[in-house]
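The values are calculated or read from the model by the stated rules, or taken from the named source; none is laboratory data. Because the structure is predicted, anything quoted here is derived from the model rather than measured. Because the Cβ atoms are built from the backbone with ideal geometry, glycine has one as well, and the counts that use them run over all protein chains shown. Heavy atoms of the whole protein, side chains included, go into the accessibility calculation; ligands, DNA and RNA do not. Shrake-Rupley method; radii C 1.70, N 1.55, O 1.52, S 1.80 Å.
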Amino acid sequence: MELFDLAPVKYTDDKMLILDQTLLPGKEVYIEMQTKEDVWDAIYRLKVRGAPAIGVAAAYGLYIAIKDLPASDYNVEIFGAVLGETAEYLASARPTAVNLSWALNRMVKAFDAAKPDTAEKAKRILFDEAEAIRREDEEACYAMGKYGLSLLKPGMGILTHCNAGTIATAKYGTCLAPVYLGQQQGYDFRVFADETRPLLQGARLTAWELQKAGVDVTLICDNMASIVMKNGWIDAVVVGCDRMAANGDGANKIGTSGVAILAKEYGIPFYMFVPTSTIDLSTPTGNDICIELRDGAEIGSMWYAHPMAPAGIKTYNPAFDVTSAEYITAVVTEKGIVRPPYKENLKKVMTR
Ligand code: MRU
C-alpha cells in the first residue's frame, strides 16, 4: 500500500482498524478493535503509537466502547458515567503522551456540552468528535510541515530520533511532515534515523516510512549521533514530542535529550514539532511529567532470537526523557513557530 494510505487508525464499514506497528516493517496488517480492552491493549503494546495517533485511537475506542449500548433504556446520566469510566480506563494505557487524555477529555466534553436526549444522538456526537480529532490532526500535521520546511534548506542533512512520521499521526507526521513536503519540492534532504533502542521505532518505522517515500535515509545506531554531527553531516535535528510543559520542557522518546545536548555542543539547531494538542500548560515543568516505565524484557530479549542479556538481570527502561527548554531552538506548532521565552510564547500560541 502507498505510504499515505497507511493511516494508523481507520474507521471504515463500521469497523475500527489499527495498523499493527509491531509487525512493521515486515508486514502491513490491519487488526480490528472490537472492545475497549482491544484498544487499551493496542495502545499499551504500541500496536498503535505516537502521541497524536494514540489520541485518535482512544477517541474512536471510546466510541466503539459505547456504540452497542442498548438504546431503549437510555439515560443521559448513566451513559455519561459509563463514558467517563471508559475514558479513564483508556487513559491508563500510557501516561506520558498528553494527546491520549486530551482526546478523551475532548470526547467527554462534547457529550457533556450536548446533553443528548437519545442514544442515537449520543453515539453520533461521539463519532463526529472522533472524526474531527482525526481530521484536525491531519490538518495540523500539514501545517507543521509548511512551518517546518521554512526552517530547512535544500540538501540539508537532518537527524531524527524515534518515529514522528505519518503512522504516528492521522497523516504526514509532525517532524517528518516537512521532510515529505520537501521531498515533493525536490529538496533532496539526507535524513539520518537513530534506530531508537529499545523498541527500534527509528529502525523499524522511520527508516521504513522514509524509504517507502523515496527519501534518502541512513539508519544509524543511537550511539552514532555524535559522530555524524562531528562529521558535519547534520544541519538540523527534528523530533516529535509526547508532552510539552508550560516552560517549554518537552518529553519525547528516550534518548531525545541526549541528542539535543549533542546538537547544542555542535551548534546544530534542534527543532521540536509539537501540535497544540501536545502542549500541556497545566504541567509547569518537565519535572512534573510522568515518565512511563516499561518491561525490562524490551531491552534484553524481546527483539532478539536469543536473549542479549543474562537471565534475571536488573533493568531500568524509561520510555521517554525530557529535553530541557534551553536545548530547543524552536517549537513548531500548527499555529506557527514558537521561539524562547517559551513560558510566555507557548501561552500566546495556545490562545491564537
Ligand atoms: O513510545 P512511542 O513510540 O509512542 O513514542 C513516540 C514518540 O516519542 C514520538 O516522537 C512522539 O509521540 C511524537 S509522534 C508525532
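All told, Ile220 falls short of being surrounded by fewer than 24 Cβ atoms within 10 Å (Cβ to Cβ) and near the ligand (Cβ under 10 Å from one of its atoms).
I'd like the residue in region 80-102 that is of a type in the set (Gly, Ala, Ser) and within 16 Å of the chain's Cα centre (by Cα) and, out of all such residues, is farthest from Thr283 (Cα to Cα). Among them, the one singled out is Ala93.
Kindly indicate whether Asp295 is more than 12 Å from the ligand (Cβ to nearest atom), within 16 Å of the chain's Cα centre (by Cα) and of a type outside the set (A, V, I, L, M, F, W, C). Judged against the criteria, Asp295 is not a match. Here Tyr304 meets each of (1) surrounded by fewer than 14 Cβ atoms within 10 Å (Cβ to Cβ); (2) of a type in the set (Ser, Thr, Tyr); (3) over 23 Å from Gly55 (Cα atoms); (4) modelled with pLDDT of 95 or more with one exception, condition (4). Taking the criterion of being surrounded by fewer than 19 Cβ atoms within 10 Å (Cβ to Cβ) and closer than 15 Å to Ala330 by Cα, the residues of region 248-267 that qualify are Ile261, Lys264, Gly267. For Glu138, the stated conditions hold: it is surrounded by fewer than 24 Cβ atoms within 10 Å (Cβ to Cβ), within 16 Å of the ligand (Cβ to nearest atom) and not hydroxyl-bearing (Ser, Thr, Tyr). In region 79-96, the count of residues that are at pLDDT 95 or above, outside any helix (DSSP H, G or I), open to solvent by 50 Å² or more (accessible area, probe 1.4 Å) and closer than 24 Å to Phe320 by Cα is one or more. Going by the conditions given, is Ala164 open to solvent by less than 20 Å² (accessible area, probe 1.4 Å), under 13 Å from Ser277 (Cβ atoms) and in the same structural domain as Ala251 (by TED's automatic domain parsing)? The answer is no for Ala164. Annotation note: of Asp73, Asp137, the sole residue that is more than 30 Å from Asn287 (Cβ to Cβ) and not hydrophobic (A, V, I, L, M, F, W, C) is Asp73. The set of residues from region 22-51 being within 16 Å of the ligand (Cβ to nearest atom) and among the charged types (D, E, K, R) comprises Asp41, Arg45, Lys47, Arg49. Considered as a group, the residues in region 47-78 that are hydroxyl-bearing (Ser, Thr, Tyr) and open to solvent by 10 Å² or more (accessible area, probe 1.4 Å) include one that is nearest to Met16 (Cα to Cα), and that residue is Tyr63.
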